[in-house]
Amino acid sequence: MTIPDAALTTPALDVLRDVFGYDAFRGEQQEIISTVVDGRDALVLMPTGGGKSLCYQIPALVRRGTGVVISPLIALMQDQVDALDALGVRAGFLNSTQDPGQRRAVEQAYRSGELDLLYLAPERLGVESTARLLDQGTIALFAIDEAHCVSQWGHDFRPDYLRLSELAERWPGVPRIALTATATQHTREEIATRLGLTEARHFVASFDRPNITYRVAPKDNPGKQLLDLLRTEHPGDAGIVYCLSRASVEKTAQQLTDQGIRALPYHAGLPAHVRAANQSTFLREDGVIMVATIAFGMGIDKPDVRFVAHLDLPKSVEGYYQETGRAGRDGLPSTAWLAYGLADVVQQRKMIAESDGDLAHRRRLSSHLDAMLALCETVECRRAQLLRYFDQDHPGSCGACDTCQNPPEAWDGTVPAQKLLSAVFRLDRERNQRFGVGHLVDILRGKSTPKITQWGHDSLTVFGVGEDLSDGEWRSVARQLLALGLLEVDSNHGTLLLTEASAEVLGRRREVRLRRDPRPQGSARKPARSRAARPEAAVLSDVDQEIFERLRAWRAAAAKEQGVPAYVVFHDATLRTVAAERPADLDALSGISGVGQAKLDRYGDGILAALQAQG
Ligand code: ADP
Ligand code: ZN
């Protein structure tokens, strides 16, 4: 490790304190910043909320010239620039949403050296006129945000991102910093190669998000379960609810609205202006819930998303990690909650079987799903398992996931598995009719339903051999056998079929360990908070809470007046500390994390007045 040159570090620390109002660097920020300030390249892998932005914003302020930031998130550039503006940082952007007049003004500001940061859409750089413009000013650095866009799993922006490897040829002396929240080793290597970052120092942060509590609930009555979660644990909080289909997005948003909860839909089937308006409301107003397909969320940097709920099973652990990662960027306690049931497994297996693409592609989808299912069915610490997927060690027993807080029992399910598999085998021999899981369970439990009588299934040897388990328990067994690959779904009929591996169980050559589902909790108790949540997670008394609400109302008004998202004014974490510490004057206020010089000047008197307004 190199000792950073003090002459360079001091300005960086000054900028952190004066401009951003923070006391100390987090994790490897300081090392990364001094690497770039020194003119060297860096590749940064850090989870969402880890603090990537400062890693290029501070060097851009410390080095001479303008930091050029390449970002695909055109829709969010205005908010990013507004947030910098609130900090007194001179920033602008160039993208296709501007009219020629606006563009000229930004170009002029750049040429005259009046910009600290310039945000560019990737396709702009391919245009010769942009390159010529950049030559007319001084480039402090290039920051390549969302750098995983170059990878083959990638995105629409891939061709433009691939061209970024030319930056080093055209501007050899300018340091480049590539940043991403995608954790896999594969993606990291690909970014380095494709962007020509051969000399770059790599910084790989821990991907743990200690302030997020991970929970997977057996899916029972998802609408009601979601409502319980919102009412008991997250009243008035902003959050995202992910659903698989457009139809379920619409339905869920409507159900929440009917219950008097502020919820908006978002999916690719909505007109662009409705999507944009809903996204803007979610970002700008407090306590809005976005019900969305996974089309929503990339680059959303709203810091106070308090929960991410999945009503359907994500297709991969990567997806799950990215989506849940949108909760709690501000470091305050947040919830990742997933409802998962038998039908999810059946549906996803079926979708894979029916998907286009060759066998190799379907195998890849299957292995992604298997890893996700293993995470759902684990009896171990979910955080440890999640991190292991990204090749990162965690000692387990995190205390902030459901399996740690409420350890599930593992049990020997070999005999029930044999019973269920034999029932599948008997039905299979009988000419593959459309017998779903419900019918199987009825046979095992010995129920003489009309369908059973009609098919004569009450004379099967397996009829009634499973009275020791309840319907729910049998469904749980079937779900876990599917997750373990001991059963599969026939894509034509949705019927359950045996697999090669089932023979080992039927032949008593393999034991089956299962987890006992915890009973669905009527009203979920408030989960214990992670011990590792950051210290700025001030715990508020009732009085403080009241003050906090008052400050939030002041913030909402201030944000509205200026047409910016509430978090641009102050983050929740800052308002909570203000509520807890009640600074008496501007001097005391300036000592609070998140209050830099520009915000002190702009909002100091307002926030003190709001604090003192009757108490
Ligand atoms: P990322 O881009 O990695 O998702 P951000 O750059 O948006 O994360 O940072 C996440 C949050 O953490 C922001 O609210 C940011 O202001 C805050 N933050 C970043 N660095 C620090 C620090 N050194 N001290 C306090 N807060 C920080
Ligand atoms: Zn745990």
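The values are calculated or read from the model by the stated rules, or taken from the named source; none is laboratory data. Here the structure is a predicted model, which means the values were calculated and not measured. Using ideal geometry, Cβ is built from the backbone for each residue, glycine included, and neighbour counts are taken over all protein chains shown. Side chains included, ligands, DNA and RNA excluded: accessible areas come from the protein's heavy atoms. Shrake-Rupley method; radii C 1.70, N 1.55, O 1.52, S 1.80 Å.
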Taking the mean number of other Cβ atoms within 10 Å as a proxy for protection, how do you rank 446-457, 337-348, 291-302 from highest to lowest? 337-348, 291-302, 446-457
Quick one: grab Rg to one decimal and Dmax as a whole number for region 410-516, Cα atoms only, in Å. 12.8, 38
Separation of region 549-615 and region 185-231 by C-alpha centroid, Å? 31 Å
Expressed as a whole percentage, what fraction of the accessible surface of the chain belongs to carbon and sulfur atoms when a 1.4 Å probe is rolled over the protein heavy atoms? 49 percent
Are there any chymotrypsin sites (Phe, Trp or Tyr not before Pro) in region 65-165 that are in a DSSP loop and have at most 16 other Cβ atoms within 10 Å? List them by number. Trp153
What's the FRET efficiency of Glu285 with Asp458 using the Cβ-Cβ distance as r and R₀ = 56 Å, to the nearest 0.05? 0.40
Filter the GluC sites (Glu not before Pro) in region 147-219 down to the DSSP loop ones having no more than 15 other Cβ atoms within 10 Å, then list what survives. Glu199
Lysine pairs, Cα distance under 21 Å, 8 or more residues apart or cross-chain: how many in the chain? 13
Restricting to Cα pairs below 8 Å that are 6+ residues apart, what does the relative contact order work out to for region 410-516? Please round to a whole percent. 40 percent
Residues Arg40 and Val415, FRET efficiency given R0 of 60 Å [Cβ-Cβ distance, rounded to 0.05]: 0.45
Simple Cβ-charge dipole of region 535-612, Lys/Arg +1 and Asp/Glu -1, about Cα centre, in debye nearest 20: 260 debye
Among Val62, Ser459, Leu16 the positive-end extreme of the charge dipole of the chain (Cβ point charges): Ser459
Across region 509-515, in residue order, what do the Karplus-derived ³J(HN,Hα) couplings come to in whole Hz, using 6.51 cos²θ - 1.76 cosθ + 1.60 with θ = phi - 60° and x for Gly and Pro? 9, 9, 8, 10, 8, 10, 9
With unit charges on the beta carbon (Lys/Arg positive, Asp/Glu negative), name the residue among Ala559, Ala588, Leu540 whose Cα is farthest towards the positive pole of the charge dipole of region 535-612. Ala559
Order these peptides, 383-395, 357-369, 29-41, by their mean beta-carbon neighbour count within 10 angstrom, highest first. 29-41, 383-395, 357-369
Hey, what's the chain come to in accessible area per residue, 1.4 Å probe, Å²? 43 Å²
For region 535-612, convex hull of alpha carbons as volume per residue, Å³: 79 Å³
Simple spin-label estimate for Ser397 and Ala584 in nanometres, 7 Å along Cα-Cβ: 4.6 nm
Amide proton proximity set for Cys381, modelled H, under 5 Å, gap of 5+: Ser397
Here region 70-204 gives, from Cα atoms, an Rg and Dmax in Å of 14.9, 44
For the chain, with only Lys/Arg (+1) and Asp/Glu (-1) charged at the beta-carbon, what is the dipole magnitude about the Cα centre, in debye rounded to 20? 1240 debye
Report the percentage of all Cα-Cα pairs in region 212-407 whose separation exceeds 29 Å, rounded to a whole percent. 22 percent
Which value in deg cm²/dmol, rounded to the nearest 500, describes the helix-derived mean residue ellipticity at 222 nm for the chain, given -39,500 (n - 2.57) per DSSP H run of n ≥ 4 and division by the residue count? -13500 deg cm²/dmol
Listed by chain and number, the residues whose amide H is under 5 Å from that of Ala42, excluding neighbours fewer than 5 places away on the same chain and using placed H, are Arg176, Ile177, Ala178, Arg201
Give me the one-decimal Kirkwood hydrodynamic radius in Å for region 1-135, with the sum taken over alpha-carbon pairs. 15.8 Å
Please list the non-local residues whose amide H lies under 5 Å from the amide H of Thr335, H modeled 1.01 Å from N, same-chain partners needing a gap of 5 or more. Thr213, Phe307, Val308
Longest to shortest principal axis, alpha-carbon extents of the chain, angstrom: 88, 62, 49
Contact order normalised by length for the chain, with contacts defined as Cα pairs under 8 Å and 6 or more residues apart; what percent is it? 15 percent
Could you compute how much accessible surface His273 exposes when probed at 1.4 Å, giving the result in Å² to the nearest 10? 130 Å²
Within region 38-139, which GluC sites (Glu not before Pro) sit in a loop by DSSP and count at most 14 neighbouring Cβ atoms inside 10 Å? Glu114
To the nearest 0.05, how large is the calculated FRET efficiency for Arg513 and Arg132 if R₀ is 60 Å and r is the Cβ-Cβ distance? 0.35
Given charges at beta-carbon only (K, R positive; D, E negative), |dipole| of region 5-204 in Debye: 220 debye
